[in-house]
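Beneath this line is the structure, given in C-alpha cells, with notes to follow.
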C-alpha cells in the first residue's frame, strides 16, 4: 500500500487560508474590512484604505471615491476636505489603469516636481513614510479600485525586508477582500442607505416626482423628501439629479 502525505504548494501561506475562512464567516462589509486591517497589522502594515473611484471626468462630486479606512478620523477629514484624492499619486496610479503595484517611497521619500507640496507635507506629518498601493480589477467598467497600506517600518532597509517577506501575503489578502467588496449589493454598504432611501433613489431613476413616489410607497411627500435629502448627503451630492447619476455609476440601484 502506498503512503501519501499531504503538503502545501511552494509559497502557500496557511495564515492566508485562515484569513479566507474568516472573511467567509463575516456578515458585513465592515466586519470583513476589520478582518483585513487586523490581518495587515499582523504583517506590519498599520494603516490602510480600500478605495473605489469612478473613472469618469467631470464635476468633483461625481468623481469622489468611496473608501474604507482605519486612519485617524482627523486625517481622513483633512484628506477629503482638501480633495487630496486628486493630488495623491496613489490615486493617479489607480486612475491610470496600471496593473503594477506602487511603492510609496516613490513620492514620500523622494518627491518629484509633480507632487503637490501641501499634500507631501501633510502625508509626512501623518507619519505615512513607507507603504504600497495595490490596484484591483473591478467588474464595473466605470470604476477602478485598490488598497493602500502604510508600513510600520521607519527605515528603507526595514521596509525592503518587509516587502520581500510579507508583501505577497498582503496582496493575496487584498484580492480576497476585493472579491466580496466589489459586488453591487456590497457597494451599497459603503453609503449606508436605509431600505426607504434605496427605494426612493430607485424610483428617482424612473423619473418619478416626489408626489408619485409618496403614492407608490404610501408615504407623505415630506417623508419622501427627507429620505432623498439623506440619500444625497450620504452620496455627497447636492441634488437629486446628481444623486441618481452617482448611484448609477456605482450600480447601486438594483431593485
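What to note about this one:
- Sorted ascending by nearby beta carbons within 10 Å, beginning with the fewest, 190, 45 become 190, 45.
- Prolate/oblate/rounded call for the chain, Cα gyration tensor, a/c under 1.5 rounded: oblate
- For the stretch 192-249: rounded, prolate or oblate by the Cα gyration tensor [a/c cutoff 1.5]: prolate
- Relative contact order of the chain, taken over Cα pairs closer than 8 Å and 6 or more residues apart, is 20 percent.
- Neighbour-count ranking [beta-carbon atoms within 10 angstrom, fewest first] of 240, 42, 246: 42, 240, 246
- Tilt relative to the chain, helix 195-205 - C-alpha long axis, 0 to 90 degrees, to 10: 70 degrees
- Within the stretch 130-148: backbone nitrogen closer than 18 Å to the residue 55 label point (7 Å, Cα to C-beta): 134-147
- Cβ crowding within 10 Å ranks 224, 244 as 244, 224, fewest other Cβ atoms first.
- Stokes-Einstein translational diffusion, the stretch 149-215 - Kirkwood Rh over all Cα pairs, 0.692 mPa s, 37 °C, in µm²/s: 207 µm²/s
No lab work stands behind these numbers, since they all come straight from the coordinates. Remember, predicted model here, so these are calculated numbers, not experimental data. When we count neighbours, we look across all protein chains shown, and the Cβ atoms used for this are built from the backbone with ideal geometry, even at glycine.
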